[in-house]
Amino acid sequence: MNLINSWEDFQQRLNGRKVYIYGGNLEGIGVIRMMANRQATVGGFIDTRSFHQGFLRGYPVTHPAQFTGTPEHAMVIICTKHRESRADAVRFCKQRGFNEGVDFIFNSSLCQYYPTIEVIGVCNLKCITCDMGLEGANRNQKRMSLETFSKVLSKMKQEIPFFNSVALYLWDEPLMHPQIGEIVSLCHENGIATEFSSNLNYNKNLESLIQADPEVLLVTSSGFGKNYEITHTGGDFKKFTDNCRLLRALIDQYHSEVFVKYHYLVYKHNTGEEMENARDFANSLGFQFVPILANIFPGKVHDHVVLGEPLPAEMIEANKYLVYDVYDQIEWAKEQKHKPCPVMKGFPTVRWDGKVMHCCNMTKPYVGQDYLYDSFENLLMMRHESGFCQRCQDHGMHRVFEVNGREEFRMSKLRDRKISTVLQEST
């Protein structure tokens, strides 16, 4: 990969040309925000999808077939993530005489990391698949102040070249932070795109969030009806659907461009007609429906396999509902241990109290006690020298949460509305 490590290096390659972003996803919007923040001349997006009146976040969107830019006047940054879409983007560039590393590059050539900042350390639910559903998990948790958040964001911007997008959640409910809208606005002022995840069982600060217009909001559902409350433990299905409708109304009221993904967590008991009803509901609101096989969160599975600790009783209960038994998943993951870790670049992960998590997919261990007082280079070194990642990968636990990786064909059927009984027949 042709890495670009400084703004000066990028400017030399750009050589006065306009920047075009291939892919209007989170990273694409982040890159265009970051470029504009640095005063680069931005031409707009290249994307096969249609956007409102042909614009996305104020920039024109051109279909690849209508793009007339040339290497003399344009540089393309490819931000698409899907393997086939990336291959299409590369073909698009090469067919028009763009040379890789000179006239087109990948976002990964600019920014090597996708950080997470946990703005609040508490959740309103106690889902039995999640660490936050364990006894005592939500006690004495607090939130990151806006002042501290600003300092963390500034440090990331200084230390990570071309930092452009951030996840603002871990195992928490971000809507419980009273300054969530101001947090989004601060990110935008610094040329950074934002992603959130919410269970939408809490709406007190939803309006301020949508007013601030984040880029991506993931909403999660474990069923559509009474089954919802089994694994979205402590949740209220009616409250969830009411808040989904409120979200739609607020998006329309404030003309927000937030992209909402409705993540439907697939269990043995919530497929068929129930899942179709959830799909129809999501489509009626203009949300993207994304079925995902549910899983026990990986931290406790790691501790069970690597450290020999017993699985919590809550997660043993949750295992009854999984499409794949957790022990089957463990064995499958061990067979995949030669594959790379998909979240290695999700670093740094800064908790609400400033501590730095070793892994964005786990709640422990820590690699640093205070992000503001430890250099990024030192944090990377400590993570590497701890041996944690190597032990995790030696046992294949970096793949255990990739259960959807073994389900590409079956999950594509879910997306194509062809499966009322597929999951039941194979379990």
Only one of (1) under 17 Å from Leu250 (Cα atoms); (2) buried (at least 20 other Cβ atoms within 10 Å of the Cβ); (3) of a type in the set (Gly, Ala, Ser) is not met by Gly133, so which one is it? (1)
Write out, first by first residue and then by second, each pair whose Cβ atoms fall under 7 Å of each other, whose residues are 6+ apart or on separate chains, and whose first residue, in the range 199-219, is at negative phi and free of Cβ contacts under 8 Å to residues at least 60 places away in the same chain while the second is among the hydroxyl-bearing types (Ser, Thr, Tyr) and open to solvent by less than 10 Å² (accessible area, probe 1.4 Å). Pro214/Thr194; Leu217/Ser198
Filter the range 130-157 for residues that are more than 15 Å from Gln179 (Cβ to Cβ) and either part of a loop (DSSP other than H, G, I, E, B) or in contact with a His (Cβ under 7 Å, 6 or more places away or on another chain) (or both) and give the result. Cys130, Leu134, Glu135, Gly136, Ala137, Asn138, Arg139, Asn140, Gln141
Cross-chain or 6+ apart pairs with Cβ under 6 Å, the range 377-388 first and in contact (Cβ under 8 Å) with a residue 24 or more places away in the chain, then aliphatic (A, V, I, L, M) and not in a helix (DSSP H, G or I): Leu379/Val356; Leu379/Val367; Arg383/Val367
Would you say Tyr22 is open to solvent by 10 Å² or more (accessible area, probe 1.4 Å), touching a residue at least 12 places away in the same chain (Cβ under 8 Å) and either touching a helix residue (DSSP H, G or I) at 6+ places or on another chain (Cβ under 6 Å) or at positive phi (or both)? yes
Conditions (1) open to solvent by less than 30 Å² (accessible area, probe 1.4 Å); (2) within 30 Å of Phe376 (Cα to Cα) -> Lys81 fails only (1)
Only residues that are within 21 Å of Tyr114 (Cβ to Cβ) and of a type in the set (S, T, N, Q): list them for the range 359-396, please. Asn361, Thr363, Ser375, Asn378, Ser386, Gln393
Out of (1) open to solvent by 30 Å² or more (accessible area, probe 1.4 Å); (2) at positive phi; (3) modelled with pLDDT of 95 or more, what's the single condition that is false for Gly191? (1)
What number goes with the only condition from (1) within 16 Å of the chain's Cα centre (by Cα); (2) surrounded by fewer than 19 Cβ atoms within 10 Å (Cβ to Cβ) that Glu207 does not pass? (1)
If I filter the range 28-41 for residues that are in contact (Cβ under 8 Å) with a residue 40 or more places away in the chain and farther than 29 Å from Leu186 by Cβ, do I get at least one hit? no
Could you identify the single residue in Phe51, Phe10 that is out of contact with any Cys (no Cβ under 7 Å at 6 or more places or on another chain), among the aromatic types (Phe, Trp, Tyr) and open to solvent by 10 Å² or more (accessible area, probe 1.4 Å)? Phe51
Collect the residues in the range 22-69 that are of a type in the set (Val, Ile, Thr) and assigned to a loop (DSSP other than H, G, I, E, B), keeping them in residue-number order. Thr41, Thr48, Thr68
Quick one: in the range 271-289, of everything that is at pLDDT 95 or above and in a loop (DSSP other than H, G, I, E, B), which residue is surrounded by the most Cβ atoms within 10 Å (Cβ to Cβ)? Phe287
Being farther than 30 Å from Glu135 by Cα and β-branched (Val, Ile, Thr) is the filter; apply it to the range 210-269 and report the residue that is farthest from the chain's Cα centre (by Cα). Ile251
Which condition breaks for Glu72 when tested against (1) at pLDDT below 95; (2) in a loop (DSSP other than H, G, I, E, B)? (1)
Only one of (1) of a type in the set (A, V, I, L, M); (2) under 21 Å from Leu322 (Cβ atoms); (3) open to solvent by 10 Å² or more (accessible area, probe 1.4 Å); (4) touching a Leu at 6+ places or on another chain (Cβ under 7 Å) fails for Val258. Which number is that? (2)
Provide a single number: the residues in the range 86-121 that are assigned to a loop (DSSP other than H, G, I, E, B), open to solvent by less than 30 Å² (accessible area, probe 1.4 Å) and closer than 30 Å to Thr220 by Cβ. 5
Give the range 146-178 a look and list any residue that's out of contact with any helix residue (DSSP H, G or I) (no Cβ under 7 Å at 6 or more places or on another chain) and either free of Cβ contacts under 8 Å to residues at least 24 places away in the same chain or on the phi > 0 side of the Ramachandran plot (or both), or say none. Glu147, Gln158
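The values are calculated or read from the model by the stated rules, or taken from the named source; none is laboratory data. Quick caveat: nothing in here was measured; it's all calculated off a predicted structure. All Cβ positions, even for glycine, are placed from backbone atoms using ideal geometry, and neighbour counts span all protein chains on display. Surface accessibility is based on the protein's heavy atoms, side chains included, excluding ligands, DNA and RNA. Shrake-Rupley method; radii C 1.70, N 1.55, O 1.52, S 1.80 Å.
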